[in-house]
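Take a look at the structure set out below.
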Amino acid sequence: MYSDKVMEHFTNPRNVGEIADASGIGNVGNPVCGDIMKVFIKVEDNVIVDIKFKTFGCGAAIATSSMVTEMAKGKTIKEALEISRKDVAEALDGLPPQKMHCSNLAADALHAAIEDYKSKSV
Amino acid sequence: MRRVYFDHSATTPVNPLVAEEMYKFLTGENFGNPTSQHYFGLIARRAVEEAREKVAGVISADPNEVIFTSGGTESDNMAIQGVAQTNRDRGNHIITCAVEHHAVLNTVKALGKQGFTTTILPVDHYGMVDVDQLAESITDKTILITIMHANNEVGTIMPIREIGKLAKQKGIIFHTDAVQSFGKVPFTVDELGVDLLSISGHKLYGPKGIGALYIRRGTRLRQTLFHGGAQEKLRRAGTENVPGIVGLGKAAELAGSDMEQENKKMTDLRDKLIDGVLSSFKKVRLTGHPLIRLPNHVSFCFEYIEGESMLLSLDMKGIAASSGSACTSGSLEPSHVLLAMGIPPEIAHGSLRLTLGSGNTEEDVDYFLEAIGPIVERLRSISPFSEEENFDTDAGCSECRISQSCKG
């Protein structure tokens, strides 16, 4: 059902954890729906220098979380905001159709973390 | 890799003795159509009738009261739709419960859209129907009660005998879906007091695509699903699936002959599994009744983690199990059974079902208990929830940023 890349990220997720002094935190999803993701970013000079996640969800939810952290690390805020759900799914060699909605929330979580950072730095 | 199959409520391997019997009816001189009036037809006819006797024997029914179908879903549809359409002149009210298999629940719901009134009874936190509540829901228009014998997701065995007595007293036709219990727990149709009982072959080391429906003599039921030939004494049109029927007959015979021994073995393995898990983890609960449950059935909810993640991880260790999480149900909702039992959705997502079978050993249970520890630990370490972080949330779908696409 899942691509090898999804399984690889599910088995060895990158950047799991929390950042104590995060510049921004994004929290999306809902445990009632079965998927929730928390993204922590550390921003320096407009660049995401560190990023961590915690996810409650299925294999796809964990893999997309891991993938988005890998994609966003080292990017500028502007570049990171351009990462879409589709980009994440493509980077994982695709997701099963029924997983494209609920379990593909990693880009949303990243964007939410950036919004949180922006609102704090204003 | 070591492979452990703990998903026998989904399906079972065909017993080699069953396969051997079936094979005989695919080739040689045994391929005939049971309706045919010649040598080949008679061989097939004899085999079908012998299988019917074997199935009837397990539940102490008259063989004439057993007809063969394509499986549990057809048996449920045939029973429910048949009774509903045939007894419309007597009433239009059907009673079922919230934890039924979809083959029952969706059939009753469909009838609800065709002018029938339906009562879908709630269940308690064990998944058990309350007989008094059922009695109260009966009206003078009630024509059918359909309550499952044993639940497929949580293993709870329903108070069918009491419901049977009640149905008889009130003169209401009573159907039970016994797909999970047939051949696993001993019962006769008279003990249960049922008029209709659904059976499936592939839950019992028989082949897929074969089932049976017990129809008590005198039950007002016309065949309504298929129009066609006069097979099964006008009760089920279509050429008999002879190899399947022979397979079901053999599987029933084998199950009937060592039910007691098998029951004991399953119960021991089941209880070892339950004790092993409950003593190893915090924030895990057994779902379903702890004692009044199928001998081979174990089901849990692990808090803070999601079922599919557990299944993937177990599969990588060679262990096959199932879950009632949304991701595994094919819908966006977690199991209707767990929700009906009052388990909050966020916890229902962490469900894990382990259903044992005759091929399982104590070593399998040990292997599972060894494997599950690191899996739960790892997934919990990825989860944003923990005992410190409140898991319960009041956040509704409106607060979920992705809710709109999710509903699309």
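Tabulated data for the structure shown
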read-out: Ellipticity estimate at 222 nm from DSSP helix runs (n ≥ 4, -39,500 (n - 2.57)) divided over chain A, nearest 500; value: -12000 deg cm²/dmol
read-out: Between 0 and 90°, nearest 10: helix B:307-316 axis offset from chain B longest Cα axis; value: 80 degrees
read-out: Surface/4 of the Cα convex hull for the protein assembly as shown, nm²; value: 26.9 nm²
read-out: Förster radius 22 Å - calculated FRET efficiency between A:Glu70 and A:Lys118 (Cβ-Cβ, nearest 0.05); value: 0.50
read-out: Antiparallel DSSP beta bridges within segment B:16-257, percent to nearest 5; value: 40 percent
read-out: Dimensions in Å of chain B - Rg and Dmax from alpha carbons; value: 22.2, 76
read-out: Hz values of 3J(HN,Hα) by residue in segment B:113-123 - Karplus curve (6.51, -1.76, 1.60), Gly and Pro given as x; value: 8, 10, x, 8, 9, 10, 10, 9, 5, x, 10
read-out: Karplus-derived 3J(HN,Hα), 6.51/-1.76/1.60, for each residue of segment B:337-342, Hz, glycine and proline x; value: 5, 5, 5, 5, 7, x
read-out: 0 to 90° range, to nearest 10: angle between helix B:160-170 axis and chain B longest Cα axis; value: 50 degrees
read-out: Cα centroid of segment A:49-93 to Cα centroid of segment B:121-164, whole Å; value: 48 Å
read-out: Gaussian network model of chain A, Cα within-10 Å springs - most flexible of A:Ile62, A:Ile41, A:Ile83; value: A:Ile83
read-out: Extension gain, B:Thr224 back to B:Lys208 (0.36 nm per residue minus Cα-Cα distance, nm); value: 3.5 nm
read-out: Fluctuation leader among B:Ser198, B:Ser351, B:Ser309 - chain B, Gaussian network, Cα springs under 10 angstrom; value: B:Ser309
read-out: Where N is the number of residues in segment B:130-226, Cα Rg divided by 2.2 N^0.38 Å; value: 1.10
read-out: C-alpha long axis of helix B:39-58 to longest principal axis of chain B, angle in °; value: 50 degrees
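Rule-based calculations on the coordinates, nothing more; no lab input. These figures come from a predicted structure and were not determined experimentally. So basically every Cβ, Gly included, is an ideal-geometry build from the backbone, and we count neighbours across all protein chains shown.
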